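Notes for the one structure printed next.
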Amino acid sequence: MAIRPIVRFPNPLLSQKADTVTRFDAALEALAADLLDTMRAAQGIGITAPHIGVLQRVTVIELDRESGIRTFVNPEVLWHADQLARHAEGSVSMPGVSEDVERPQSVRVRYQTLVGETVEEEADGLMAICLQHEIDQLDGIFWTQRLSRLKRDRAIKKFEKLTKEQMRS
């Protein structure tokens with residue numbers, strides 16, 4: 001398919017809530033394929049349609065090639081564990097920056113497949129972290145909003161510095 005340009009932080013699109021997908025057609029399949037190509041090119045493990053400027057509730061996750069590609073349409077968290085886990089998070093929209101974020105270690109999600117079938121499943125570990133991270137993005141919550149003010153300011157300053165260095169080279 002195609003590698004699309006990635007919307008960079010602090011673009012306002014990243015703080016907008018994505019629209020529910022209502023059409024399950026070839027255009028949706030093409031969007032998912034473009035998301036996968038774009039995510040792989042950016043060396044990410046998860047991406048949402050808003051990351052490429054499309055305000056639709058679609059996310060693609062590929063933790064590694066062995067576990068395969070997962071596409072989630074209209075995902076939502078139904079339940080989360082009380083136990084928390086810390087994991088380094090970042091974004092294809094803010095490359096080069098990561099910080100530890102604390103989230104529930106297990107979740108139960110409901111989503112639709114590319115053909116509109118509704119599925120519920122539980123996830124834990126890295127998949128649970130990724131689902132929560134990407135669903136936040138679909139809700140207009142950029143990952144840095146889950147950080148303390150100090151860590152958020154530090155992450156933003158680091159990204160600004162990296163961006164200036166890239167512009168100079």
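Read-outs: derived from the displayed coordinates by stated rules, not from any lab. All of these numbers come straight from a predicted model, not from anything done at the bench. Here the Cβ positions follow ideal geometry from the backbone for every residue, glycine too, while neighbour counts run over all protein chains shown.
Summary table
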{"read-out": "Nearest-20 debye value, the chain charge dipole, Cβ charges on Lys, Arg, Asp, Glu", "value": "980"}
{"read-out": "Among 65-76, 155-166, the order from most to least packed when residues are scored by Cβ within 10 Å on average", "value": "65-76, 155-166"}
{"read-out": "For GLU99, distant residues with modelled amide H under 5 Å away", "value": "GLU89"}
{"read-out": "Residues in region 77-97 reached by a label modelled at LEU63 [backbone nitrogen below 20 Å; 7 Å Cα→Cβ]", "value": "77-92"}
{"read-out": "Net lengthening on full extension, MET1/ALA88 (0.36 nm per residue, minus Cα-Cα)", "value": "28.3 nm"}
{"read-out": "Kirkwood hydrodynamic radius (C-alpha pairs) into Stokes-Einstein, region 12-168, 25 °C and 0.890 mPa s, D in µm²/s", "value": "153"}
{"read-out": "Charge dipole of the chain about the Cα centre (unit charges at C-beta), most positive-ward option of LEU78, SER91, ALA123", "value": "SER91"}
{"read-out": "Region 12-168: relative contact order as a whole-number percent, Cα under 8 Å and 6+ apart", "value": "24"}
